[in-house]
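These notes concern the structure reproduced below.
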Amino acid sequence: MEKNNYQGALQHPLGSGFNAISTAREVIKGIDLTGKIAIVTGGNAGIGLETTKVLAAAGATVIVPARDTEKAKKNLDGIPNVEIEAMDLIDPTSIDTFAKKFLASGRPLHLLINNAGIMWVPLHRNSRGIESQLATNYLGQFQLVARLWPALKDANGARVINVSSLGHHMAPFDFNDPNFEHREYQTLLGYGQSKTASNLFALELDNRAKSHQVRAYSLHPGSIAGTELARDADLELFKQMGFFDEHGNMRPEILASLKTIAQGTATSVWVATSPLLNDIGGVYCEDADVAELLSEDPAIKTSTKLHQSGVLAYSLDEDNAKQLWKLTEEMTGIEFKVN
């Protein structure tokens, strides 16, 4: 019987030998990606840029779809084996255009790293009327994978990596009102459910796709200094999350836990390339290893790092994953047949 990660059945650290301070260049040491094709969304800034650099240095051809191609050209200048294309994950037409062009090249796709995302933004809706964090962080991922499925299948061994977040702790997926049509919009709830959805998508995709040698994963890169991701957040949000005290100062334990961009990229690169994951998929990873499954009962301390790391069971639930797939097909109008 084939194993899957429903209910977190495989959610156990593997003893990778790496940890929170490992860098992307350390985890990829000795791995040759010559001849491999990778797509890294948002691969021109932050941890996406470092991911692009590391994969390209290992020999992969890396395609970077970007909202601002001029900015991407500037940031990626001088990096070998990189191609830049236009795409905006919040725009369904843009995703289709990019995917159609890639498929027309006739190349297989070995690595799809869904790195791009937004967080903690005011209420905004895309052309479909979908709340922007859900549209960008999850529905855009689903559509991109669905459209690129033929190339993933043709690789005869591919990985889809969803850069999720510890933020999934903030909210389960609200199947009754995912689009904030009947409840007050709270940006942290919107962000949290988008990341929970990303975990559930990786879980279900892996179970459906593994017979085609396509495996899927989700991950938390860590809290990282020096990225642009939280540029729209105000101080009150950081206080609400416990990152800052009442005086507006970052708490010492938070400051001590921040990763560099090189460290924050490590888990994406490890998940994309580690041979330890050759026969396992659907898992949520952090600190360059499979993360611990946390109890949702606050009275049960399953980890010394409880509420700082780990994955919650609602984002690995089989019923949630299957229900979300069906709902997503309805919301996007895309029937994603994995066959």
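The values are calculated or read from the model by the stated rules, or taken from the named source; none is laboratory data. Note that the structure is a prediction, hence the values are computed from the model and not measured. Glycine also receives a Cβ, built like all others from the backbone with ideal geometry; neighbour counts cover every protein chain displayed.
Computed values, structure above
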| item | result |
| --- | --- |
| Scope the stretch 173-200; condition modelled with pLDDT of 95 or more and outside any loop (DSSP other than H, G, I, E, B); matching residues | LEU189, GLY190, TYR191, GLY192, GLN193, SER194, LYS195, THR196, ALA197, SER198, ASN199, LEU200 |
| Any hit, the stretch 276-298, residues being farther than 22 Å from GLY192 by Cα, assigned to a helix (DSSP H, G or I) and at pLDDT 95 or above | yes |
| Residue that is surrounded by the fewest Cβ atoms within 10 Å (Cβ to Cβ), among those in the stretch 19-65 that are aliphatic (A, V, I, L, M) and in a strand (DSSP E or B) | ILE37 |
| Boolean, ILE39 is within 19 Å of the chain's Cα centre (by Cα) and either more than 20 Å from GLY157 (Cα to Cα) or at pLDDT 95 or above (or both) | yes |
| Residue within the stretch 167-178 that is over 16 Å from the mean Cα position of the chain (by Cα) and more than 23 Å from ASP319 (Cβ to Cβ) present | no |
| Qualifying residue in the stretch 207-229 (condition: modelled with pLDDT under 95, closer than 21 Å to GLU286 by Cβ and not in a loop (DSSP other than H, G, I, E, B)) | yes |
| Enumeration of residues in the stretch 164-215 that are on the phi < 0 side of the Ramachandran plot and aromatic (Phe, Trp, Tyr) | PHE173, PHE175, TYR185, TYR191, PHE201 |
| Residues within the stretch 264-280 that are buried (at least 24 other Cβ atoms within 10 Å of the Cβ) and not hydroxyl-bearing (Ser, Thr, Tyr), tallied | 6 |
| The stretch 1-18 - residue that is of a type in the set (A, V, I, L, M, F, W, C) and in contact with a helix residue (DSSP H, G or I) (Cβ under 6 Å, 6 or more places away or on another chain) and, of those, surrounded by the most Cβ atoms within 10 Å (Cβ to Cβ) | PHE18 |
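Residue-by-condition table, conditions (1) among the acidic types (Asp, Glu); (2) over 25 Å from ASP287 (Cβ atoms); (3) in contact with a Lys or Arg (Cβ under 9 Å, 6 or more places away or on another chain):
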| residue | (1), (2), (3) |
| --- | --- |
| HIS124 | no, yes, no |
| ALA135 | no, yes, yes |
| GLN141 | no, no, no |
| VAL160 | no, no, yes |
| LEU188 | no, no, no |
